Amino acid sequence: MRLIFKRFFICTISFYPLLAIGTQFLVLPVGAMELALGSHPAFGGSATINPALIQAPQGGPLLSFDNGYWLGDIRISNFCLDQQIGKSTGRFSIRYAGLTGLEFRDHRPVDDPLSFFAAFGLTLETGFSYPIIAGHIGFLVRTIYMAIYDQYSTGVSLDIGYTKLFSSGWNAGISLLNFGKLSNMNIKTPDLPMRLLAGVSRSMDGGRFQNLVCMTGEWAFLPQNWKVSFGNDFSWDRFHILSGTSFTDQTSSMSIGTGLQLGRFRVFYAIRFSSQDIGMPYTFSINTRLP
């Protein structure tokens, strides 16, 4: 079993604010589509990036489940239920990200740790999207609980978003994420990782072949940096090939994925390769329309 200082070293690189899971678990890709394509607020992106993209099919709710691992063996799970309510579409979801089996040791070198503990973040989310004359708007309210060892913090955050589909095949979207506040954790109050994203996408229909291209610019407030992301979703009948790339002034990553629609079920798998060289995140997603 790896020592706690090694686990914390990995986490410090990825989650600077609290030296563990931290509030940065809120920026991790939730599903395989988002991991493969990147974070895009325009049509074809993820509803976790822009609540205006919350959608559900006619005739029944859409049930989704995502499970995978991020850098440093951080477990990521997500459960989501989308349902049409009149002209709007509502969403309820539960998100989890955590590490288990962390070893607690003091300054004395010993063979066995004094104890084991976990570090994790958990959210309960409720949101909706609604059509307006000039496009779609969306809102999502999130209740947050995060803990490490004997410390914990709770709070709420708000996501807002807007998207517009044009007849020419172009689409545009913008979103502001993680605006809110958390309670004190011991003597420190965690900061939420606010993000501002704006992007466009272009869908091209070739009969049995469809192709969707996305491009997004992002500004993160914690830590302050920018990111540019590109994604491509090529589909032939019921088969999808996904790819994406993103870069900042210090890091870059490339991701690939695949998906298949089988009746009511859609199954996707994605993996990401990063210049940080501390692991390869991967995610498995499945969703189905309930009767």
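Please go through (1) out of contact with any Gly (no Cβ under 6 Å at 6 or more places or on another chain); (2) closer than 21 Å to Phe25 by Cβ for Gly244 and return the number of the only condition it doesn't satisfy.
Condition not satisfied by Gly244: (1).
Could you check Arg202 against (1) of a type in the set (Lys, Arg); (2) open to solvent by 70 Å² or more (accessible area, probe 1.4 Å); (3) within 21 Å of the chain's Cα centre (by Cα) and say which number it fails?
That leaves (3) as the condition not met.
Return the pair list, or none, for Cβ contacts closer than 6 Å from residues in the stretch 215-228 that are under 9 Å from Leu197 (Cβ atoms) and open to solvent by 40 Å² or more (accessible area, probe 1.4 Å) to residues that are at pLDDT 95 or above and among the aliphatic types (A, V, I, L, M), at least 6 apart or on different chains.
Filtered contacts from the stretch 215-228: Trp219/Leu196.
Quick check on my filter: what residues within the stretch 253-278 are open to solvent by less than 40 Å² (accessible area, probe 1.4 Å) and modelled with pLDDT under 90?
So the first thing to find is which residues in the stretch 253-278 are open to solvent by less than 40 Å² (accessible area, probe 1.4 Å), and the list is 253, 255, 257, 259, 268, 270-272, 274.
Within the stretch 253-278, just Ser274 meets the criteria.
Check off (1) open to solvent by 20 Å² or more (accessible area, probe 1.4 Å); (2) within 22 Å of Ser229 (Cα to Cα); (3) under 22 Å from the mean Cα position of the chain (by Cα) for Asp159 and give me the number that stays unchecked.
Unmet for Asp159, out of (1) open to solvent by 20 Å² or more (accessible area, probe 1.4 Å); (2) within 22 Å of Ser229 (Cα to Cα); (3) under 22 Å from the mean Cα position of the chain (by Cα): (1).
Please name all residue pairs, on different chains or six or more residues apart, with Cβ atoms under 8 Å, provided the first residue is in the stretch 268-291 and is in contact (Cβ under 8 Å) with a residue 12 or more places away in the chain and closer than 16 Å to Asn67 by Cβ and the second residue is open to solvent by 60 Å² or more (accessible area, probe 1.4 Å) and assigned to a loop (DSSP other than H, G, I, E, B).
Ile271/Met280; Arg272/Met280; Thr288/Arg264
I'd like the full set of residues that are under 10 Å from Gly161 (Cβ atoms) and either in a loop (DSSP other than H, G, I, E, B) or modelled with pLDDT under 95 (or both), limited to the stretch 46-57. Walk me through how you get there before you give the answer.
Of the stretch 46-57, the ones under 10 Å from Gly161 (Cβ atoms) are 47, 49-54.
Of everything in the stretch 46-57, those that are under 10 Å from Gly161 (Cβ atoms) and either in a loop (DSSP other than H, G, I, E, B) or modelled with pLDDT under 95 (or both) turn out to be Ala47, Ile49, Asn50, Ile54.
The values are calculated or read from the model by the stated rules, or taken from the named source; none is laboratory data. From a predicted model like this one, the values you see are computed outputs, not experimental measurements. Cβ atoms come from the backbone with ideal geometry, glycine included; neighbour counts cover every protein chain shown. Just so you know, the surface numbers come from the protein's heavy atoms only, side chains and all, with ligands and any DNA or RNA stripped out. Shrake-Rupley method; radii C 1.70, N 1.55, O 1.52, S 1.80 Å.
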